[in-house]
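To keep things clear, I will list the structure first and then write my remarks on it.
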Amino acid sequence: MPETRLLFKDIDVPGIDRIDVYGQHGGYQSLRKAVLDMTPEAVLAEVMASNLRGRGGAGFPTGRKWSFLPKDGRTRYLVCNADESEPGTCKDQEIIYRHPHLLIEGVAASAYAIGAEHAFIYLRGEFKVGYQILERAIAEARGKGYLGDDVLGSGRRIDITLYLGAGAYICGEETALLNSLEGKRGHPRLKPPFPAMVGLYGMPTVVNNVETLSAVVPILAMGGAAYARLGTEKSTGTKLFSVSGPVRNPGNFEVELGKVTLRELVFDLAGGPLEGREIKGIIPGGSSVPILPPEKLDVALDYEALAAAGTMLGSGGVIVLDDRSCVVKSTLRLMEFYRHESCGFCTPCREGTVWLGQVLERIEAGLGQANDLDLLRSLSRNIEGRTFCPLGEAAIAVLQSGLETYRDEYQAHIDQGRCPLGEAAR
Amino acid sequence: MNGENLAKARELLRHFPHESSALIPILHLVEQEFEYIPDAEVHVIADLMGITAAYVESVLTFYSLFHRQPTGKYLIQVCRGLSCQLMGADELSSFLYEGLGVQRNGTTPDGMFTVEAVECVALCKNAPAVQINLEFYPNMTREKLEAFLDKAREEVPTDA
């Protein structure tokens, strides 16, 4: 069961991060086609026809997001969300560090389509080296006329400004990102108004993920309809999945949506569990989605099938837990993450993640009390549907699903006063 | 800020469509120069941008990569994302805490090393991952860390 490489088609070509090599492999042909042969409306139509859905986690149709921009003559901005911070997810990182021109071409073509002269790439602060790589690539692209005041002699201005965040998971939420880009604390904004109406500096703005914007390049090369023939009816095209945790061959893999199962991804592409180990569970869409037990691994990797299985495709960050991984300890680790990353703006998330963390800590330490599992359920319900942004829901996804699926392991911690896996537990 | 960074900061004020966007990039300049954000610089930035020091403080304390206390010449950040924890991140941080005699977020007395355990750095496929001065060190082991520490100590005499 092979990968289907569109974004990663040339990623292993030596020097593909340099514009000449990228050009020799068909680089910037999509942008050239868009800017010289197509109207912005025609580019939008191709993206609409492709049925491309946002690859950052929410899966919202990209063309529709673009079409929400009001036609009122105000300045428009395109913002690329390169704040990749979802635990288990490292696909955008690989695009930025190894294939920067693919992203730049995608950003430029998308900016053209939505009528934005100015695009931003907001990188998480930890991608400082990625910032330097993109800085050099942007300079190369300007030198060749792919960016600047008169792109390829078309009379159109498209330029990209890089911006380095400073360490805050919440800035992956698009309105928090916009606040951060404006030099503020990264608190999410109330929606509506959506960024399409009131975005960066109050102007109409589209925010798209790195992988989403990169996918515009092959979509324009092959045509939206051809892209839509890949995958399933509602989950079209290819998607990058990051597989991590105790497997033999962790990595990023690009597969056709709906044509590969979670089992095939983890066993055939990522090599399966380590010698002598068995899989205990898999978190398939980044740490913010429910965990799946081994009996559900034959689910197809597409938005609908994963939803039907009770979880989400999310960012495509696949975290594998094996029989030495303690579910309580792993869930505690995630809760500590959300506790640290809660922006503190709304009470259920700020307080709830602290309380959940404390209860999980004592269960993990062997000091759990008889009613602690009920307490975890009750605290979770006080977060569910009651937070200002999706971070609260994200924080309880693995906990709530794990409390059902791995109830015995939680209970054993309380009954035995220690981790039932003993010293070897990770 | 030194003269060069002050000039860069003034340029940053004009770099974005809106001056407010310059704040975080300017904080990065200060963090890079001093290896933390000193009190005095909070006021320098406030004056430069025409905003209050309290506002600067409110923004900088929101973000994990800005430090209010001095950090070492080498900022070693051990990723404790779930994937890295499953692959042995705890052993790496314990090794560093014990080997360098520091606690979490602590700095060695000679000002050489600060050790932090940080949230997911997006290098999950190369777990366990470490960042040193924001450069990625994938697939880390105790041995590789040891080699790094030895090399760093050789390059800079401790009495320097």
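Show the residue pairs that are 6+ apart or on different chains and have beta-carbon atoms under 6 Å apart, the first residue being within the range A:298-321 and over 18 Å from A:PHE253 (Cβ atoms) and within 11 Å of chain B (Cβ to nearest Cβ), the second being open to solvent by 10 Å² or more (accessible area, probe 1.4 Å) and not small (Gly, Ala, Ser).
Note: pairs meeting the criteria are A:LEU321/A:LYS280.
Could you identify the single residue in A:ILE96, A:ILE121 that is more than 10 Å from chain B (Cβ to nearest Cβ), closer than 21 Å to A:TYR169 by Cα, under 19 Å from the mean Cα position of the chain (by Cα) and open to solvent by less than 10 Å² (accessible area, probe 1.4 Å)?
On the way: A:ILE96 fails: more than 10 Å from chain B (Cβ to nearest Cβ).
The unique qualifying residue is A:ILE121.
Looking only at the range A:399-419, which residues are open to solvent by 30 Å² or more (accessible area, probe 1.4 Å) and free of Cβ contacts under 8 Å to residues at least 60 places away in the same chain?
The answer is A:GLU404, A:ARG407, A:ASP408, A:GLN411, A:ASP415, A:GLN416, A:GLY417, A:ARG418.
With the requirement that a residue be out of contact with any Gly (no Cβ under 9 Å at 6 or more places or on another chain) and either small (Gly, Ala, Ser) or in contact (Cβ under 8 Å) with a residue 40 or more places away in the chain (or both), what does the range A:114-131 give you?
Residues satisfying the conditions are A:ILE114, A:GLY115, A:ALA116, A:GLU117, A:HIS118, A:ALA119, A:PHE120, A:ILE121, A:GLY130.
Give the residues of the range A:318-365 that are out of contact with any helix residue (DSSP H, G or I) (no Cβ under 7 Å at 6 or more places or on another chain) and of a type outside the set (Phe, Trp, Tyr), sorted by residue number. Can you show your working first?
To start, the set of residues in the range A:318-365 that are out of contact with any helix residue (DSSP H, G or I) (no Cβ under 7 Å at 6 or more places or on another chain) comprises A:322-323, A:326, A:337, A:340, A:345-347, A:350-351, A:358, A:362, A:365.
Within the range A:318-365, A:ASP322, A:ASP323, A:CYS326, A:HIS340, A:CYS346, A:THR347, A:ARG350, A:GLU351, A:GLN358, A:ARG362, A:ALA365 meet the criteria.
Does any residue in the range B:115-127 that is open to solvent by 10 Å² or more (accessible area, probe 1.4 Å) come within less than 6 Å, Cβ to Cβ, of a residue that is β-branched (Val, Ile, Thr) and in a strand (DSSP E or B) six or more places away or on a different chain, and which pairs are these?
Note: pairs meeting the criteria are B:ALA117/B:VAL78.
Looking at the range B:14-48, which of its residues are part of a helix (DSSP H, G or I), within 11 Å of chain A (Cβ to nearest Cβ) and either without any contact (Cβ under 8 Å) to a residue 12 or more places away in the chain or open to solvent by 30 Å² or more (accessible area, probe 1.4 Å) (or both)?
The answer is B:HIS15, B:GLU19, B:SER20, B:SER21, B:HIS28, B:GLN32.
Kindly indicate the residue of the range A:303-351 that is open to solvent by 10 Å² or more (accessible area, probe 1.4 Å) and of a type in the set (Gly, Ala, Ser) and also farthest from A:ALA270 (Cα to Cα) among those meeting that condition.
A:GLY344
Of the residues A:GLY286, A:GLY271, which is of a type outside the set (D, E, K, R), over 19 Å from the mean Cα position of the chain (by Cα), at pLDDT 95 or above and at positive phi?
A:GLY271
Here's the yes/no breakdown for (1) open to solvent by 10 Å² or more (accessible area, probe 1.4 Å); (2) not small (Gly, Ala, Ser):
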site: A:ASN249; (1), (2): yes, yes
site: A:LEU257; (1), (2): no, yes
site: A:ARG263; (1), (2): yes, yes
site: A:GLY285; (1), (2): no, no
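Go through the residues of the range A:263-271 one by one and say whether even a single one is in contact with a Lys or Arg (Cβ under 9 Å, 6 or more places away or on another chain) and either farther than 30 Å from A:ILE160 by Cα or not assigned by TED's automatic domain parsing to the domain that holds A:GLU105 (or both).
yes
Would you pick out the residues in the range A:40-67 that are charged (D, E, K, R) and under 15 Å from A:SER214 (Cα atoms)?
Those that are charged (D, E, K, R) and under 15 Å from A:SER214 (Cα atoms): A:GLU46, A:ARG53, A:ARG55.
Filter the range A:28-56 for residues that are closer than 8 Å to A:LEU220 by Cβ and among the charged types (D, E, K, R); which is least open to solvent (accessible area, probe 1.4 Å)?
A:GLU46
Restricting attention to the range B:57-80, report how many residues are in a strand (DSSP E or B), open to solvent by 10 Å² or more (accessible area, probe 1.4 Å) and within 13 Å of another protein chain (Cβ to nearest Cβ). Quick ask: steps written out before the conclusion?
Filtering the range B:57-80 for residues in a strand (DSSP E or B) gives B:74-79.
Subset that is open to solvent by 10 Å² or more (accessible area, probe 1.4 Å): B:74-75.
Now narrow it down to the ones that are within 13 Å of another protein chain (Cβ to nearest Cβ): B:75.
Here the count works out to 1.
Find the residue count for the range A:181-202, including only residues that are open to solvent by less than 50 Å² (accessible area, probe 1.4 Å) and charged (D, E, K, R). Even if it seems obvious, please write down each step before you answer.
First, pick out the residues of the range A:181-202 that are open to solvent by less than 50 Å² (accessible area, probe 1.4 Å): A:181-183, A:186-188, A:195-196, A:199-202.
Still in the list and also charged (D, E, K, R): A:182.
So the count comes out to 1.
Read through the list (1) over 21 Å from A:PRO390 (Cβ atoms); (2) of a type in the set (Gly, Ala, Ser); (3) in contact with a Phe, Trp or Tyr (Cβ under 9 Å, 6 or more places away or on another chain); (4) part of a loop (DSSP other than H, G, I, E, B), then give the number of the only condition that A:GLY281 fails.
(4)
Given the residues A:GLY231, A:GLY202, A:GLY183, A:GLY245, which is the only one that is away from chain B (no Cβ under 11 Å) and at positive phi?
Only one candidate qualifies: A:GLY231.
If you check A:ALA137, A:ALA141, which single one turns out to be within 13 Å of A:LEU31 (Cα to Cα) and open to solvent by less than 30 Å² (accessible area, probe 1.4 Å)?
A:ALA141
The values are calculated or read from the model by the stated rules, or taken from the named source; none is laboratory data. Keep in mind it's a predicted model, so treat the numbers as computed, not measured. Cβ coordinates were reconstructed from backbone atoms using ideal geometry, including for glycine residues, and neighbour counts include every protein chain displayed. Accessible surface areas use protein heavy atoms only, side chains included; no ligands, DNA or RNA. Shrake-Rupley method; radii C 1.70, N 1.55, O 1.52, S 1.80 Å.
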